[in-house]
Amino acid sequence: QVQLVESGGGLVQPGGSLRLSCAASGSIFDINDMGWYGQAPGKTRELVPVITRGGRTVYADSMESRFTISTDNAKTTVYLHMNVLKPKETAVYYCDALRGDTTFWGQGTQVAVSS
């Protein structure tokens, strides 16, 4: 099993920044990819970016360069750096980890962009 714990969400004004963290524990030695998804109220969960074990990053087509994904050196924590946030990006952000053909999810962290 893989456990994922997200943190770093909160209320931010439009134009502000946040850094979300996702700490992985458990059987993490053979995780292939980790990524972030956002789920806005009333909408489906959508991919933000993914980072592979080898460090390759893939961003959703609609994603702008204001968001960046990174990991720590141990590759046990994944970060989502969000800059110049917009109200439409208000959502619960979930971290996921792919190991083989199994996807694990965290509990999510709420981001609210509002003045």
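The values are calculated or read from the model by the stated rules, or taken from the named source; none is laboratory data. Just so you know, these numbers come straight off a predicted model, no measurement behind them. Every residue, glycine as well, gets a Cβ built from its backbone with ideal geometry; the counts of neighbours run over all protein chains shown. In case anyone asks, the SASA skips ligands and DNA or RNA and just uses the protein heavy atoms, side chains included. Shrake-Rupley method; radii C 1.70, N 1.55, O 1.52, S 1.80 Å.
Which of the residues that make up the stretch 74-115 are within 11 Å of the chain's Cα centre (by Cα) and farther than 18 Å from residue 30 by Cβ?
Result: 79, 80, 81, 82, 92, 93, 94, 106, 108, 109.
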By residue number, the members of the stretch 62-75 that are surrounded by fewer than 14 Cβ atoms within 10 Å (Cβ to Cβ), touching a strand residue (DSSP E or B) at 6+ places or on another chain (Cβ under 9 Å) and of a type outside the set (Gly, Ala, Ser) are 66, 72
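If you check 85, 4, 20, which single one turns out to be in a strand (DSSP E or B) and over 23 Å from residue 100 (Cα atoms)?
Details: 85 fails: in a strand (DSSP E or B); 4 fails: over 23 Å from residue 100 (Cα atoms).
Just a single option satisfies the conditions, and that option is 20.
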If you go through 78, 58, the only one that is open to solvent by 50 Å² or more (accessible area, probe 1.4 Å) and farther than 20 Å from residue 11 by Cα is 58
By residue number, the members of the stretch 46-55 that are without any contact (Cβ under 8 Å) to a residue 40 or more places away in the chain and either open to solvent by less than 50 Å² (accessible area, probe 1.4 Å) or among the aliphatic types (A, V, I, L, M) (or both) are 47, 49, 50, 51, 52, 55
Residue count, the stretch 13-45, condition within 15 Å of residue 106 (Cα to Cα) and either among the polar types (S, T, N, Q) or exposed (fewer than 14 other Cβ atoms within 10 Å of the Cβ) (or both), comes to 5
Sole miss for residue 75 among (1) outside any strand (DSSP E or B); (2) farther than 20 Å from residue 5 by Cβ; (3) in contact (Cβ under 8 Å) with a residue 12 or more places away in the chain is condition (2)
Over the stretch 81-98, the set of residues under 26 Å from residue 54 (Cβ atoms) and open to solvent by less than 60 Å² (accessible area, probe 1.4 Å) is 81, 82, 93, 94, 95, 96, 97, 98
Within the stretch 31-54, the residues that are at pLDDT below 85 and assigned to a loop (DSSP other than H, G, I, E, B) are 53, 54
